[in-house]
Ligand SMILES: Nc1ncnc2c1ncn2[C@@H]1O[C@H](COP(=O)(O)OP(=O)(O)OP(=O)(O)O)[C@@H](O)[C@H]1O
Ligand SMILES: [Mg+2]
């Protein structure tokens, strides 16, 4: 009988209705032990008539066993595995131990989970209940979180319960949380009265309700621990109460009363709740225990044996049993379990039991754990690998082996995105003093950690000095370290250090591999560019692009995307970044995906593909948080700020720019800060505040390392010139065009790149300067338009030129009808891009030029597609089935179908064939065609 909980029950009922209507939902119930989370889950299960129910429960002693929880959950629907896309099925089967592992991947597993849940809901809605998430193994918890964030239209309700304190805060990021607090006074009193019987007096009742803060478990467990005299208020209550804040202590007495064989059996079950009855029976027989003990344990209601699995009545019983045992007893239990776990796929479990049974350093056990870590790495489960390696290090008798394992653990922890843990592991290991590969590994892992967690210069020194020490014996390792070190100097536009790297890379002995050579050139090109030698820099970067086009190296591809921006080469940048993203998706290289998306979203922004850019940036932000790769966050925020600026979303722009520029996200990145500053300036410019725009852009251009970046400076130079001219400080604009001793001028850069958009913008800048000098700008405007039309890749810049030209024609020359031609052209593009403030300016100018009401183009009334819808539509137009699309975007096929349905409705079309006919790849926003 459930007392109280009206709000919670109503909420759960609403979710159930929702799911029966074909939508999906997910919710996490959070609260302290014994507060009633499982009871609310039971309520949901009661109400799940006609639904398919999947059920799993995290188990404390299994939390290191990869995918144990998922295995429990999915057991009833494994027969549908054949309907998953092959890579997802392969990864999921390997994860669940149903097939040999083929270096599978956690994200594929998660995507497989999502698809499988959707499949399970094919014929009836699914209720998925996961209790005690705090004890679920991390990979299962991650996969569940992943699925929960993406459930939309499958007909699946995912309810998760967890003890709040035992859960990492990131576990619930992006999920709906239902906090479960104590029962209200009325419900608590009723429950207590029921447990205590008629002798309970009101004041004792109120005191107990207050002391337990309505925790139902404590309320139920308390009365048997108190005497009748105490309950009746005749004898004072003990102080503190037998159950204080934590309810666990209530169980101790029950466990201590049990006969030794039953306690031994319970201890075995507590030490390894594989929940597998057979394993426990083997272990019990090995200890010579009478199997009668199972019945005893069931009789006192501590254990339940059901269909081959063994479960404790309450998780607190398990903790208590384990804690009540002596250290010797616990080691015996683990050793016994290890001895009976000898099957091939039980290696991981056995290794952990051996480790738990070990008294002190033990090399064979350490080696077995290290092998278990290797298997975890193969599954791309870096967190489990780190845990196994760390324990292996603790058990290593030899100091060098210990250090080596700790560094390997730190490396794995890093890949898993666990920054603090990486540091702790490194701190615990003593690097060998002499120059050796071991020393270099330590420096590498530590250097990489420092670079991306804020102490960039410390990391730089570690990497460079570490590389130096081993350069002669291990040049490949040294090259990797040096390339890792380019990160900071590039983002901070620090020429001195970039030159150092280029020089050291050049001195490495031996023939560089083709990969090394490509990356080596990047360092040289970056050095030249930062030095202001734009011509030679562009020549070198073009070679980097050429090599990257042939390379299968992901890092090279992403760096080449950056190189293409140095060359102003939008087409190559787009091509390279798209390839990097596609490859990361199809091969599930999630580690690379945020970085690749970062470059792609930036290029999409510059080329007016705003909807796609926003979709990419949002996905990137989500991934960056999910993988712990927080480093590209600022850049994604600056992309979002920029699009908001173009479209006149003042609040959104300030918000995103604030995050990009703010504190708390390391490292500081010149391109991101520069981009955010540019976004804010563009906002001012669009709303007619040129002075403010100029004030924002100037510090960026004059700022030191990390404040701005020459790449951003060059790409934004057109706006700086326009702001300067309109703020009546043309000399500032002129300086930006011609450059200074240290910064390249925009005009010469544009000429060196020979890219039409850049040449066009340079000509427009000349026109604006001529106008402010009262000279004749017309030849410059004409030249700008010629370049724009000759393969210009930036529609927003084109429209800006048309607008400026139209303004000049009307205001200075009074050639109104000619002005209108250009103003209309500008307005069309601005409308299509959703650049509201700029559309408004063009419209005002048109009106002033004598054009009467100019209706908005009819197509603009079409509802806009959301970024997610656009992505789905594009992949559908490429011919992908719902399943293909789902696999690529990590969504379920049903959700893809749902988005596609909306796309059809919004576009007024009825088939995929119609979709193919639309230009979904154009730089404009599809919705406002
Ligand atoms: N609303 C309620 N009315 C009556 N009894 C309740 C209520 N909620 C919980 N209980 C009882 O309190 C005890 C603890 O509840 P439950 O097991 O649901 O807590 P929990 O939050 O899941 O605890 P844990 O975190 O330890 O798993 C159970 O015996 C349950 O029957
Ligand atoms: Mg519970």
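The values are calculated or read from the model by the stated rules, or taken from the named source; none is laboratory data. Predicted, not measured: the structure shown is a model, and the values here were computed from it. Using ideal geometry, Cβ is built from the backbone for each residue, glycine included, and neighbour counts are taken over all protein chains shown.
More than 29 Å from the chain's Cα centre (by Cα), at positive phi and away from ligand 2 (no atom under 15 Å from the Cβ): does that describe residue 50? Before you say what the answer is, go through the steps one by one.
Details: more than 29 Å from the chain's Cα centre (by Cα): yes; at positive phi: yes; away from ligand 2 (no atom under 15 Å from the Cβ): yes.
Taking the combined requirement at face value, the residue satisfies it.
Only one of these is buried (at least 20 other Cβ atoms within 10 Å of the Cβ), at pLDDT 95 or above and within 13 Å of ligand 1 (Cβ to nearest atom): 8, 32. Name it.
Working: 32 fails: at pLDDT 95 or above.
Just a single option satisfies the conditions, and that option is 8.
Counting only residues that are more than 14 Å from ligand 1 (Cβ to nearest atom) and in a helix (DSSP H, G or I), how many does the stretch 48-62 have?
Qualifying residue count, the stretch 48-62: 2.
List the helices (runs of 4 or more DSSP H) inside the stretch 302-382, counting only whole elements, that have at least 1 residues being more than 30 Å from residue 90 (Cβ to Cβ) and either within 16 Å of ligand 1 (Cβ to nearest atom) or touching a residue at least 40 places away in the same chain (Cβ under 8 Å) (or both).
Numbers: elements: 315-324, 327-340, 347-357, 363-378.
Here the list reads 315-324, 327-340, 347-357.
Rundown of residues vs (1) within 49 Å of the chain's Cα centre (by Cα); (2) buried (at least 24 other Cβ atoms within 10 Å of the Cβ); (3) free of Cβ contacts under 8 Å to residues at least 24 places away in the same chain, yes/no style:
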| site | (1), (2), (3) |
| --- | --- |
| 784 | yes, yes, no |
| 789 | yes, no, yes |
| 800 | yes, yes, no |
| 807 | yes, no, no |
| 815 | no, no, yes |
| 830 | yes, yes, no |
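Please work out if residue 158 is more than 16 Å from ligand 1 (Cβ to nearest atom), outside any helix (DSSP H, G or I) and crowded, with 21+ Cβ neighbours inside 10 Å.
Taking the combined requirement at face value, the residue satisfies it.
Sort out which residues of the stretch 420-431 are surrounded by 17 or more Cβ atoms within 10 Å (Cβ to Cβ), over 15 Å from residue 384 (Cα atoms) and touching a residue at least 24 places away in the same chain (Cβ under 8 Å), and write them in order of number. Give the steps one after another, and end with the answer.
Our first condition is that a residue be surrounded by 17 or more Cβ atoms within 10 Å (Cβ to Cβ); within the stretch 420-431, this holds for 421-423, 425-426, 429, 431.
So of that shortlist, the ones also over 15 Å from residue 384 (Cα atoms) come out as 423, 426, 429, 431.
Hits for the stretch 420-431 are 423, 429, 431.
Conditions first: (1) exposed (fewer than 14 other Cβ atoms within 10 Å of the Cβ); (2) under 30 Å from residue 17 (Cα atoms); (3) within 16 Å of ligand 1 (Cβ to nearest atom); (4) at pLDDT below 90. Residue 179 passes all but one, so which condition is the exception?
Going through the list (1) exposed (fewer than 14 other Cβ atoms within 10 Å of the Cβ); (2) under 30 Å from residue 17 (Cα atoms); (3) within 16 Å of ligand 1 (Cβ to nearest atom); (4) at pLDDT below 90, residue 179 breaks only (4).
Could you list, ordered by first residue, the pairs with Cβ atoms under 8 Å in which the first is in the stretch 479-505 and free of Cβ contacts under 8 Å to residues at least 40 places away in the same chain and the second is surrounded by fewer than 23 Cβ atoms within 10 Å (Cβ to Cβ) and outside any helix (DSSP H, G or I), at least 6 apart or interchain?
Going by the 8 Å Cβ cut-off, the qualifying pairs are 495/531; 499/531.
Give me the residue from the stretch 125-149 that is part of a loop (DSSP other than H, G, I, E, B) and within 16 Å of ligand 1 (Cβ to nearest atom) and, out of that set, surrounded by the most Cβ atoms within 10 Å (Cβ to Cβ).
Of all residues in the stretch 125-149, those part of a loop (DSSP other than H, G, I, E, B) come to 125, 132, 136-137.
If we keep only those that are within 16 Å of ligand 1 (Cβ to nearest atom) too, we end up with 132, 136.
On the way: 132: 22, 136: 31.
Per the stated criteria, the residue is 136.
With (1) modelled with pLDDT of 90 or more; (2) within 16 Å of ligand 1 (Cβ to nearest atom); (3) not in a helix (DSSP H, G or I) as the list, and residue 189 as the residue in question, which single condition is left unmet?
Going through the list (1) modelled with pLDDT of 90 or more; (2) within 16 Å of ligand 1 (Cβ to nearest atom); (3) not in a helix (DSSP H, G or I), residue 189 breaks only (3).
Does residue 170 qualify as being away from ligand 1 (no atom under 16 Å from the Cβ) and farther than 30 Å from residue 6 by Cα?
On the way: away from ligand 1 (no atom under 16 Å from the Cβ): yes; farther than 30 Å from residue 6 by Cα: no.
Judged against the criteria, residue 170 is not a match.
Kindly evaluate residue 499 against the criterion of being over 20 Å from residue 557 (Cβ atoms) and either out of contact with any strand residue (DSSP E or B) (no Cβ under 9 Å at 6 or more places or on another chain) or modelled with pLDDT under 85 (or both).
So residue 499 fits the description; yes.
Consider residue 384 carefully, then state whether it is in contact with a helix residue (DSSP H, G or I) (Cβ under 7 Å, 6 or more places away or on another chain) and farther than 15 Å from residue 101 by Cα. It would help to see each step written out before you state the result.
Numbers: in contact with a helix residue (DSSP H, G or I) (Cβ under 7 Å, 6 or more places away or on another chain): yes; farther than 15 Å from residue 101 by Cα: yes.
Yes.
Hey, can you tell me all the residues within the stretch 14-47 that are touching a strand residue (DSSP E or B) at 6+ places or on another chain (Cβ under 8 Å), away from ligand 2 (no atom under 12 Å from the Cβ) and assigned to a loop (DSSP other than H, G, I, E, B)? Give the derivation first.
Step one: of the stretch 14-47, the residues touching a strand residue (DSSP E or B) at 6+ places or on another chain (Cβ under 8 Å) are 15-16, 18-19, 24-33, 37-38, 40-41, 44-45.
Now restrict to residues that are away from ligand 2 (no atom under 12 Å from the Cβ): 15-16, 18-19, 24-28, 44-45.
Residue satisfying the conditions is 24 alone.
For residue 770, which of the numbered conditions (1) without any contact (Cβ under 8 Å) to a residue 12 or more places away in the chain; (2) surrounded by fewer than 17 Cβ atoms within 10 Å (Cβ to Cβ) fails to hold?
(2)
Based on this model, can you work out whether residue 147 counts as under 27 Å from residue 121 (Cβ atoms), modelled with pLDDT under 95, over 21 Å from the mean Cα position of the chain (by Cα) and away from ligand 2 (no atom under 16 Å from the Cβ)? Working first, answer last.
Values: under 27 Å from residue 121 (Cβ atoms): yes; modelled with pLDDT under 95: yes; over 21 Å from the mean Cα position of the chain (by Cα): no; away from ligand 2 (no atom under 16 Å from the Cβ): yes.
Answer is no for this residue.
Which is in a loop (DSSP other than H, G, I, E, B), within 16 Å of ligand 2 (Cβ to nearest atom), within 21 Å of residue 5 (Cβ to Cβ) and under 45 Å from the mean Cα position of the chain (by Cα), of 175, 219, 183?
Being in a loop (DSSP other than H, G, I, E, B), within 16 Å of ligand 2 (Cβ to nearest atom), within 21 Å of residue 5 (Cβ to Cβ) and under 45 Å from the mean Cα position of the chain (by Cα) holds for just one of 175, 219, 183, which is 183.
For residues in the stretch 717-767 being touching a strand residue (DSSP E or B) at 6+ places or on another chain (Cβ under 9 Å) and part of a helix (DSSP H, G or I), which is surrounded by the fewest Cβ atoms within 10 Å (Cβ to Cβ)? Write out each step before concluding.
First, pick out the residues of the stretch 717-767 that are touching a strand residue (DSSP E or B) at 6+ places or on another chain (Cβ under 9 Å): 745-749, 752.
Those still in the list that are part of a helix (DSSP H, G or I) too: 746-749, 752.
Numbers: 746: 25, 747: 21, 748: 16, 749: 29, 752: 19.
The extreme case among them is 748.
If residue 87 meets every condition in (1) at pLDDT 90 or above; (2) away from ligand 2 (no atom under 16 Å from the Cβ); (3) surrounded by fewer than 22 Cβ atoms within 10 Å (Cβ to Cβ); (4) part of a helix (DSSP H, G or I) apart from one, which number is that one?
Residue 87 satisfies all of (1) at pLDDT 90 or above; (2) away from ligand 2 (no atom under 16 Å from the Cβ); (3) surrounded by fewer than 22 Cβ atoms within 10 Å (Cβ to Cβ); (4) part of a helix (DSSP H, G or I) except (1).
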